[in-house]
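What follows is calculated from the coordinates using simple rules that are stated; it is not laboratory data. All values derive from a computational prediction rather than experimental measurement. Cβ sites come from the backbone with ideal geometry, for glycine too, and all protein chains shown count toward neighbours.
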Amino acid sequence: MADKDTTDIKIDIESLRKDIENVNSIQGRLDTAIDRLTDVSSSIKSMLAVHEEKIQRQEKIDEVIFDKLKDRADEISDVYRELKKDIELVEKRVLIEIKSLKNDIGSRVGVLERYRWVIMGGAIVIGWILSKNFVQIVNMMNGA
């Protein structure tokens with residue numbers, strides 16, 4: 001029985017040695033995994049720092065762009081107001097010029113209409129005189 005106990009103890013000791021080796025192997029793998037995770041963590045930290053810097057730069061660029069857009073919008077508004085004023089002035093000048101041309105043309109047409117009526121009146125008078133004295137005028141022309 002002592003041999004059996006010794007054999008059982010030896011088997012248990014061998015089993016424990018294998019378990020210790022397995023634990024050591026697992027511990028080595030865990031150490032390696034922890035080292036790798038540490039490396040990955042530091043890489044992620046550096047990438048996050050780089051990305052944070054890029055984000056800050058982009059925010060500054062966006063701020064500059066928005067400021068320039070606001071300035072451009074203000075400039076466009078100013079130009080629009082100036083153009084609107086200029087167009088209104090030009091429109092007023094054109095309307096005044098059109099009114100003066102209308103008055104000028106109206107006076108000219110009035111003069112032409114007066115001459116037309118005078119000529120028509122003169123033609124009527126000449127026609128009436130001719131109609132009353134047509135026979136005498138024809139005789140004068142034939143006799144002369």
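Taking the listed residues S131, S100, S42, the one that is in a helix (DSSP H, G or I) and loosely packed, with under 10 Cβ neighbours inside 10 Å is S131, with no other qualifying. Out of R17, R29, R72, report the one residue that is surrounded by 10 or more Cβ atoms within 10 Å (Cβ to Cβ), within 59 Å of the chain's Cα centre (by Cα) and not hydrophobic (A, V, I, L, M, F, W, C). Sole residue among the options that is surrounded by 10 or more Cβ atoms within 10 Å (Cβ to Cβ), within 59 Å of the chain's Cα centre (by Cα) and not hydrophobic (A, V, I, L, M, F, W, C): R72.
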